[in-house]
Each structure stands twice: as C-alpha cells, then as structure tokens.
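Here is the structure we will look at.
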Amino acid sequence: MRQKLVVANWKMHGNLASNKQLLEAYIANLSALKNVGVVVCVPYPYLGQAQSMLQHTNIAWGAQNLSKDPVGPFTGEVSAAMLKDFGASYVIIGHSERATAYCESDENIATKFVQAQAQGLTPILCVGETLIEREAGVMEMVVGKQLDTILNTYGAAVFANAIVSYEPIWAIGTGLAASAEQAQSMHEFIRGKVAALDKSAAASLKILYGGSVNPQNAVQLLVMQDIDGGLIGKCSLNAQEFEKICLTAA
Ligand code: 13P
C-alpha cells in the first residue's frame, strides 16, 4: 500500500514574515497527522527558514528546481548538493511553468532528475498536456514522450525513488481541475508505462495529481486507485485549505 503524499508548491510566493506564519500553522495543524506524508517546496531563499522551522517536525521540505550540473560556472544556478546543504529532501522538476517560460527540454529535465537522485533528493517529475493536446486526444502520447526521455536514457528502475506528478497544463491555476476519472486514467497509463519495464518500480511509484486541487475536489481525486496524493499550488498558501486537503489524504 502506497502512503499518500501531499506536496505544497508555494511557487514564487511569500516572504520571511508570511512564511513564518504559514509554517507555524502547518506545524500546528499537521504535526499529529498519521498515514500521510507532507512536503513543502519553497523558493530557494527560504530553504534555510524551512529547515530551521521544520527540522524537528514530520513535515519535509524541498525546492522547486535545481541545476542540471553538479558544480561550475553557472551564474544563478543552484545545485542538488546546495539543496541538500539546507536539508531538502525533495525537488520539483520540469514544472510546466518553467518548462515553457525557460525553454526546458526533456533532455535537461532528465539530467536534473538524475542529478537530484545522485544527491539523495527525491525528484518530483511534472508531466502533463495542454488543452489543445487533450482536445486532440493525444494526451497519452504527450505524457508518454515526457517519460520516455528518462526511461530510454536511465531505465525504469530510477522511478523506484521518484515521484511523478500529473499536472495537466489546462488545470493549473485555472480552477478547472481534471475530473477524478480523467486523472485516474492518466495515472494508470503512467504506472502502466513504468510497469511494462519494471513492475516493482511501478508498484512503489507515487503518482500525484496537481492542478486546481482544493478541499472539495480532493475527496473524489484522492480515492482513486492510482492517485497517491496531490501537488498543491494556490490552496497550499492557505493553511486551513491545505490542512483540509492533507486530512482528506490521511
Ligand atoms: P494550482 O493548485 O494553483 O492549480 O497549482 C498547481 C500546481 O502547479 C502545482 O505544482
């Protein structure tokens, strides 16, 4: 049985004072929760704050990106080892808000994935299709291709220590979440694709759903067989809403 996992993606929100309040509320609301993992992915500058506030709690923390290179003259980049220095255990990779705006290729994303694992970080790999691709019925082909770059280069076993997050681009920040059936169907496809190469990696792989998850729709989504949790944007900035989603997962 895969334990559910709820990951907050704060994106580019917050400041020292507001983060302190929000993390205090997370700790107060979520510390006693059993049967669910909780992670918060913060902007780079606040990793130290997350570390000092969360280190003795059951809430883990991580970043929203990392460099594909381990070290070197790459101005503005942040390496996996630097994230580890601040106690991070997770890192989001290939989020569509980055992939489009910063032209991240599938190859770059695959390199980041193994860089993260090389330092003992768990990558949270985001995949998902655009609305046009869904309407054209090619969503599985699109998501399949996003996974193929990693599967073909590094094999399926790397998914034993990774998380995939299905985030249809049309559902992110729009208030229009995928239906539980749409999400389950894609999650089943993703697990099947890994299972075709490595059954045990597929069985342990956590596949999260992200895109306009809120306390209301979390109930339908999180009961689905292949939905192992959520990657939460907007609602993670509200302590009460985030708590409700975590409670539902638990
Ligand atoms: P929203 O929950 O705001 O739609 O964001 C989802 C997301 O992008 C999580 O990574």
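Which of Gln146, Gln51, Gln64 ends up with the largest GNM mean-square fluctuation for the chain, with Cα atoms connected below 10 Å?
Comparing Gln146, Gln51, Gln64 in the GNM, the peak value goes to Gln51.
Over the chain, what is the mean sequence separation of C-alpha contacts under 8 Å (at least six apart), divided by residue count, expressed as relative contact order in percent?
Values: 466 pairs, mean separation 53.0, N = 250.
Once divided by the residue count of the chain, the mean separation gives 21 percent.
Counting trypsin sites (Lys or Arg not before Pro) as exposed when in a DSSP loop with at most 14 other beta carbons within 10 Å, what is the longest stretch of the chain free of them? Working shown, then result.
Values: sites that count: Arg2, Lys34.
No qualifying site falls inside 35-250, the longest such stretch.
Measure out, as a whole number of angstrom, how far apart the alpha-carbon centroids of the stretch 119-160 and the stretch 47-77 sit.
23 Å
Of Cys246, Cys103, Cys235, how do they rank once you tally other Cβ atoms within 10 Å and put the fewest first?
By the 10 Å Cβ count, ascending, the order reads Cys103, Cys235, Cys246.
Counting alpha carbon pairs within less than 8 Å and at least 6 residues apart, what relative contact order, in whole percent, applies to the stretch 1-72?
Details: 81 pairs, mean separation 26.5, N = 72.
So the answer I get is 37 percent.
Can you give the calculated 222 nm mean residue ellipticity of the chain, where each DSSP H run of n ≥ 4 adds -39,500 (n - 2.57) and the sum is split over every residue, rounded to the nearest 500 deg cm²/dmol? Can you show the working numbers first?
Details: 11 runs with 110 residues, N = 250.
The helix contribution divided over the chain gives -13000 deg cm²/dmol.
Please report the Cα spread of the stretch 53-153 along all three principal axes, rounded to whole Å, starting with the longest.
In descending order, the Cα extents are 47, 35, 25 Å.
Readers should treat all values here as calculations from the given coordinates under stated rules, not as data from a laboratory. Quantities reported herein were computed from a predicted structural model and do not represent experimental measurements. Every residue, glycine as well, gets a Cβ built from its backbone with ideal geometry; the counts of neighbours run over all protein chains shown.
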